[in-house]
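Enquirer: Pasting a structure below so you can have a look.
The values are calculated or read from the model by the stated rules, or taken from the named source; none is laboratory data. This one's a predicted model, so the numbers in the text were calculated from it and none came from an experiment. FYI the Cβ positions are ideal-geometry reconstructions off the backbone, even for glycines, and counts take in every protein chain you see. When the accessible area is computed, the model is the full protein with side chains, heavy atoms only, and any ligands, DNA or RNA have been set aside. Shrake-Rupley method; radii C 1.70, N 1.55, O 1.52, S 1.80 Å.
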Amino acid sequence: MSVKQIVTLSLLFLALLSLLFATRKSLAQTPTIISSKFYKFDVIAASNEAPLTSVFAAPSINDSGFVSFVGRTGGSNVFISKALGAYTNLNPGGVVNPYAGNCQITNSNQIVIHETILGMNQFLLRVYDGNALTTSVVIAGSTPAFNDFAAIRVNPSINNNGLPAFSATAKVTLQTQLVTGTRTTSFSQVNLSHPLKPMIADDGRVVVRAGNTITSPILLYQPNLTAPVTI
């Protein structure tokens, strides 16, 4: 190999090293590239940034990019964010009852939330209207006024047709149940040990992990909780 060829290869090698260094430096300063897609993170809300004192887990987002989440400003609040860095408190002033679990939002900005009556073993499932302030309806409950179940568990789901899916305890048998429907329409119920986080599709099908062990199956139910198939 001639000296000229050696010099040419050396220059090429140095050029490749420079390109690699510049690329790695550039990637460190820009959004991470995964499968040729750019992912950029934006902060919608944060704990201890007034008026929020805390932001809870399990937010949700709809097809329009509107985000729902639960936080506290002294009481329990439900929020909707329609723009980065801006959010609306749907129940200004908050409530003393704790909110927890999923707060899933639909494409029409209806938000389902689990409410615990403070100091009582009583619960409500409430749907907030993200298009208006202080507007909500109780879709199921285990209180004297809304006496549908003995208890209702956290992590409900709701589809874009307004049909929820959730876990509850039956009043008489105290059997754990998977439930769809609302108190103003009707409930479909099936006995199922420890359903954790059911999710409902727009066509009414429901998927749930049927148990709380490592061997518990994932079941797919048809609408009205019929014909489960093990996934």
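Enquirer: With (1) modelled with pLDDT of 55 or more; (2) surrounded by 10 or more Cβ atoms within 10 Å (Cβ to Cβ) as the list, and residue 33 as the residue in question, which single condition is left unmet?
Expert: Exception for residue 33: condition (1).
Enquirer: Separate question: Out of all the residues in segment 75-96, which are without any contact (Cβ under 8 Å) to a residue 24 or more places away in the chain, assigned to a loop (DSSP other than H, G, I, E, B) and either open to solvent by less than 10 Å² (accessible area, probe 1.4 Å) or of a type outside the set (A, V, I, L, M, F, W, C) (or both)?
Expert: Those that are without any contact (Cβ under 8 Å) to a residue 24 or more places away in the chain, assigned to a loop (DSSP other than H, G, I, E, B) and either open to solvent by less than 10 Å² (accessible area, probe 1.4 Å) or of a type outside the set (A, V, I, L, M, F, W, C) (or both): 75, 93, 94.
Enquirer: Quick test of your reading of the structure: residue 174 fulfils all but one of (1) surrounded by fewer than 19 Cβ atoms within 10 Å (Cβ to Cβ); (2) within 26 Å of residue 83 (Cα to Cα). Name the failing condition by number.
Expert: Only one criterion is unmet by residue 174, namely (2).
Enquirer: Moving to a separate point now. Assess whether residue 109 counts as being in contact with a strand residue (DSSP E or B) (Cβ under 7 Å, 6 or more places away or on another chain) and more than 19 Å from residue 140 (Cβ to Cβ). I'd like the intermediate steps shown before the answer.
Expert: Numbers: in contact with a strand residue (DSSP E or B) (Cβ under 7 Å, 6 or more places away or on another chain): yes; more than 19 Å from residue 140 (Cβ to Cβ): yes.
The answer is yes for residue 109.
Residues are listed down the side, and each one gets a yes or a no for (1) under 24 Å from residue 58 (Cα atoms); (2) in contact (Cβ under 8 Å) with a residue 24 or more places away in the chain; (3) touching a Cys at 6+ places or on another chain (Cβ under 8 Å); (4) aromatic (Phe, Trp, Tyr):
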| residue | (1), (2), (3), (4) |
| --- | --- |
| 162 | yes, yes, no, no |
| 171 | no, yes, no, no |
| 174 | no, yes, no, no |
| 188 | no, yes, no, no |
| 195 | yes, yes, no, no |
| 204 | yes, yes, no, no |
| 214 | yes, no, no, no |
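Enquirer: Condition first: within 16 Å of the chain's Cα centre (by Cα) and assigned to a loop (DSSP other than H, G, I, E, B). Now tell me which residues in segment 97-148 satisfy that.
Expert: 101, 102, 103, 104, 106, 107, 108, 109, 130
Enquirer: Go through segment 202-219 and report how many residues are more than 24 Å from residue 110 (Cα to Cα), in a strand (DSSP E or B) and open to solvent by 40 Å² or more (accessible area, probe 1.4 Å).
Expert: Of the residues in that region, 2 qualify.
Enquirer: For residue 197, only one of the following conditions fails: (1) under 30 Å from residue 66 (Cβ atoms); (2) modelled with pLDDT of 95 or more. What is its number?
Expert: (2)
Enquirer: What number of residues within segment 59-74 are surrounded by fewer than 17 Cβ atoms within 10 Å (Cβ to Cβ) and within 17 Å of residue 115 (Cβ to Cβ)?
Expert: To start, the set of residues in segment 59-74 that are surrounded by fewer than 17 Cβ atoms within 10 Å (Cβ to Cβ) comprises 61, 63-65, 74.
Checking which are within 17 Å of residue 115 (Cβ to Cβ) leaves us with 74.
Residues flagged as surrounded by fewer than 17 Cβ atoms within 10 Å (Cβ to Cβ) and within 17 Å of residue 115 (Cβ to Cβ) within segment 59-74 amount to 1.
Enquirer: Here is a further query. Looking at segment 124-144, can you tell me whether even one residue there is farther than 24 Å from residue 76 by Cα and at pLDDT 95 or above?
Expert: Taking segment 124-144 first, the residues farther than 24 Å from residue 76 by Cα are none.
The answer is no, given that none of the residues of segment 124-144 is farther than 24 Å from residue 76 by Cα and at pLDDT 95 or above.
Enquirer: Being farther than 20 Å from residue 103 by Cβ, of a type in the set (A, V, I, L, M) and not in a strand (DSSP E or B) narrows it down to one of 154, 172, 190, so name that one.
Expert: Numbers: 154 fails: farther than 20 Å from residue 103 by Cβ; 190 fails: not in a strand (DSSP E or B).
Exactly one of 154, 172, 190 is farther than 20 Å from residue 103 by Cβ, of a type in the set (A, V, I, L, M) and not in a strand (DSSP E or B), namely 172.
Enquirer: Another question, then. For segment 97-149, what are the residues that are over 19 Å from residue 199 (Cβ atoms), of a type in the set (Val, Ile, Thr) and surrounded by 15 or more Cβ atoms within 10 Å (Cβ to Cβ)?
Expert: Listed by number, the residues that qualify are 116, 117, 138, 143.
Enquirer: Would you call residue 183 touching a residue at least 12 places away in the same chain (Cβ under 8 Å), open to solvent by 40 Å² or more (accessible area, probe 1.4 Å) and in a strand (DSSP E or B)?
Expert: On the way: touching a residue at least 12 places away in the same chain (Cβ under 8 Å): yes; open to solvent by 40 Å² or more (accessible area, probe 1.4 Å): yes; in a strand (DSSP E or B): no.
Criteria not met by residue 183.
Enquirer: Return the residues of segment 51-74 that are among the hydrophobic types (A, V, I, L, M, F, W, C) and either at pLDDT below 85 or in a strand (DSSP E or B) (or both); say none if nothing qualifies. I'd like the intermediate steps shown before the answer.
Expert: Filtering segment 51-74 down to residues among the hydrophobic types (A, V, I, L, M, F, W, C) leaves 52, 55-58, 61, 66-67, 69-70.
Correct list: 55, 61, 67, 69, 70.
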